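Taking it in order: structure first as structure tokens, then the write-up.
The values are calculated or read from the model by the stated rules, or taken from the named source; none is laboratory data. Just so you know, these numbers come straight off a predicted model, no measurement behind them. So basically every Cβ, Gly included, is an ideal-geometry build from the backbone, and we count neighbours across all protein chains shown.
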């Protein structure tokens with residue numbers, strides 16, 4: 001079986017890139033296609049043995065650095081990949097990868113991280129953050145996003161099967177595309193995180209400082225709890241604005257290297273999380289250290305945090321809800337080993353096993369005499 005793997009871009013390690021790496025590990029002979037790819041990153045991640053093919057976006061002026069500026073061309077670019085020689089196409093899609101052109105003789109399975117966020121559920125937030133009103137630039141942006149939504153619906157009919165990265169995204173796939181999906185949680189490198197049974201007297205939170213992560217309400221909450229220490233890790237456009245909300249009991253670390261982040265996760269009494277994420281890797285990584293969660297009970301957290309067992313869920317995205325959740329947390333005890341075992345259910349090994357079984361099942365349905 002000739003197999004192709006499709007991804008929007010391969011520029012730095014993130015959630016969707018980890019999925020691509022895991023798929024490439026399962027199928028080392030597969031060819032990999034991406035709109036753009038960074039040579040240094042690909043070599044660092046061990047993709048050098050793969051045949052990487054990039055799109056016309058890579059050849060555009062500043063295509064490797066400013067590729068997101070070519071958003072209106074993404075649908076056209078992904079349709080130019082000639083995949084006619086492949087039997088199985090596996091797309092890892094959070095934008096346009098699922099829209100590659102295939103035939104009825106081919107099997108196309110898409111691992112959907114989300115329907116295009118800035119075209120659908122984050123449409124108005126995206127326009128506000130980019131300060132795109134109804135001037136010329138704003139109208140052009142709205143027009144192109146409108147066209148992308150139309151293309152997105154059309155291209156949703158191209159994959160034979162959808163895999164969602166959470167049940168939360170599965171519901172979004174059903175709402176927007178009217179397609180059924182099977183959930184296979186994305187892989188987490190739990191082996192990189194060591195269980196720590198002795199915790200220090202501080203809470204920790206970590207995220208990129210952007211509006212939807214709601215780091216501001218976490219800082220607000222702890223500013224009202226002066227007896228509780230909070231360590232804040234991460235940077236981003238809103239860093240200074242959020243730091244201004246701080247108090248003496250809140251320590252801002254900014255960006256930290258991965259090893260230092262792990263040390264803070266290991267020793268924290270709890271990890272505080274306030275975002276509505278499609279899945280959310282950091283909560284699982286914290287639990288891989290045996291660290292319990294205090295998390296918003298919406299989105300992926302409902303699937304990665306077991307309320308009362310691996311953490312405490314709260315259900316309103318407000319500082320008051322966080323304060324109440326911290327108070328509840330401090331009346332409870334947690335089994336750190338059990339928290340770690342829960343995190344291990346999201347490992348690379350588990351992901352690869354589930355994905356391979358899914359692909360084999362669908363391939364054997366299509367080709368009954370196939371010996372996969």
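Values as computed for the structure displayed
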{"read-out": "Extreme residue, nearest to residue 326 (Cα to Cα), among residues of region 202-216 that are surrounded by fewer than 19 Cβ atoms within 10 Å (Cβ to Cβ) and within 23 Å of the chain's Cα centre (by Cα)", "value": "216"}
{"read-out": "Members of region 221-237 that are outside any helix (DSSP H, G or I) and either touching a strand residue (DSSP E or B) at 6+ places or on another chain (Cβ under 8 Å) or not assigned by TED's automatic domain parsing to the domain that holds residue 210 (or both)", "value": "228, 229, 230, 231, 232, 233, 234, 235"}
{"read-out": "Residue within region 173-182 that is free of Cβ contacts under 8 Å to residues at least 40 places away in the same chain, part of a helix (DSSP H, G or I) and in the same structural domain as residue 69 (by TED's automatic domain parsing) present", "value": "yes"}
{"read-out": "Any hit, region 68-81, residues being surrounded by fewer than 21 Cβ atoms within 10 Å (Cβ to Cβ) and farther than 24 Å from residue 149 by Cβ", "value": "no"}
{"read-out": "Qualifying residue in region 130-147 (condition: in the same structural domain as residue 299 (by TED's automatic domain parsing), surrounded by fewer than 21 Cβ atoms within 10 Å (Cβ to Cβ) and more than 21 Å from residue 17 (Cβ to Cβ))", "value": "no"}
{"read-out": "Strands (runs of 3 or more DSSP E) contained entirely in region 38-130, each with at least 1 residues that are touching a residue at least 12 places away in the same chain (Cβ under 8 Å) and under 21 Å from the mean Cα position of the chain (by Cα)", "value": "88-93, 107-112"}
{"read-out": "Residue satisfying all of: in region 1-17; surrounded by fewer than 23 Cβ atoms within 10 Å (Cβ to Cβ) and touching a helix residue (DSSP H, G or I) at 6+ places or on another chain (Cβ under 8 Å); nearest to residue 354 (Cα to Cα) among these", "value": "15"}
{"read-out": "Residue in region 221-248 that is nearest to residue 341 (Cα to Cα), counting only those that are surrounded by fewer than 21 Cβ atoms within 10 Å (Cβ to Cβ) and touching a residue at least 60 places away in the same chain (Cβ under 8 Å)", "value": "228"}
{"read-out": "Residue 304 vs. criteria modelled with pLDDT of 95 or more, crowded, with 17+ Cβ neighbours inside 10 Å, within 16 Å of the chain's Cα centre (by Cα) and more than 21 Å from residue 209 (Cβ to Cβ)", "value": "yes"}
